[in-house]
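Novice: Take a look at the following structure, please.
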Amino acid sequence: MRVYVPLTLPALAEAHKAGELGSGPLLAYAVTPALREWYVSDDVEELEYAALGRAALASLRLLAAEPAAPRRRVVVAVDVPDGATASDPAYDRAAGADADQGDDPTALGRVRVSVVVPLAKVASVHVDAEDAEADVAAGARALAAADGGDDDAQHAVDGAEDHELLWFATQEIPNLVGSGS
């Protein structure tokens, strides 16, 4: 199963140094039954893109909680065994799921990865371009107000989400985190 793990650049640097994303459980996003129903598509690539987008929003939330981190969202794509994930049952009902109900609509597509994920198993890394930093910073600052229903704040969050994440091979991680040439 392909999962998308939200991180920050400092967390990616830590993973690079450790050689693994963490010992688990890790928060990730994937194509779950609830995400399929919410997105209303049978196209696997579109569904994976939606899961990547959910992880990018989760990365923005991590940035909001970590003000010293560079203002670039980071998502790591990795394939894990199907049995290595567990979804949030409140948001991953096979039938009748409604993403607009429940205590945490950000949980749509969220899974927990219960295994150690060696960095060698990472398929790709997705990171904002440097020119997205101002919009990502504004979006991170506005998240709490946007969650409270402020339309102007939601506009700032949307501005961050308008930026496409760039694709990087795992061999490029040292350059992304500043520890390689």
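Novice: Would you point out the residue of segment 146-181, among those that are buried (at least 17 other Cβ atoms within 10 Å of the Cβ) and of a type in the set (Gly, Ala, Ser), that is nearest to the chain's Cα centre (by Cα)?
Specialist: Within segment 146-181, the match that is nearest to the chain's Cα centre (by Cα) is ALA160.
Novice: For the subset of segment 103-136 comprising residues that are small (Gly, Ala, Ser), touching a residue at least 40 places away in the same chain (Cβ under 8 Å) and surrounded by 19 or more Cβ atoms within 10 Å (Cβ to Cβ), which member is farthest from ALA86 (Cα to Cα)?
Specialist: ALA132
Novice: Quick check on my filter: what residues within segment 35-89 are touching a helix residue (DSSP H, G or I) at 6+ places or on another chain (Cβ under 6 Å) and among the acidic types (Asp, Glu)?
Specialist: Matches in segment 35-89: ASP88 only.
Novice: With the requirement that a residue be among the polar types (S, T, N, Q) and at pLDDT below 90, what does segment 102-143 give you?
Specialist: Of everything in segment 102-143, those that are among the polar types (S, T, N, Q) and at pLDDT below 90 turn out to be THR106, SER114.
Novice: What are the residues in segment 37-64 that are farther than 20 Å from HIS163 by Cα and among the charged types (D, E, K, R), if any?
Specialist: GLU37, ASP42, ASP43
Novice: Further question: Which of the residues belonging to segment 34-65 are under 20 Å from VAL157 (Cβ atoms), among the hydrophobic types (A, V, I, L, M, F, W, C) and without any contact (Cβ under 8 Å) to a residue 60 or more places away in the chain?
Specialist: Result: ALA50, ALA51, ALA55, ALA58, LEU62, ALA65.
Novice: Please identify the pairs in which a residue from segment 22-33 that is assigned to a helix (DSSP H, G or I) has its Cβ atom under 7 Å from the Cβ atom of a residue that is surrounded by 17 or more Cβ atoms within 10 Å (Cβ to Cβ) and charged (D, E, K, R), counting only partners at least 6 apart or on another chain.
Specialist: Here the result reads PRO33/ASP92, each pair linking segment 22-33 to a residue that is surrounded by 17 or more Cβ atoms within 10 Å (Cβ to Cβ) and charged (D, E, K, R).
Novice: In segment 34-44, which residue that is farther than 12 Å from ALA107 by Cβ and not in a loop (DSSP other than H, G, I, E, B) is modelled with the highest pLDDT?
Specialist: Selected residue: VAL44.
The values are calculated or read from the model by the stated rules, or taken from the named source; none is laboratory data. What you see is a predicted model, and the numbers here were worked out from it, not measured in a lab. Neighbour counts run over all protein chains shown; Cβ positions are idealised from the backbone, glycine included.
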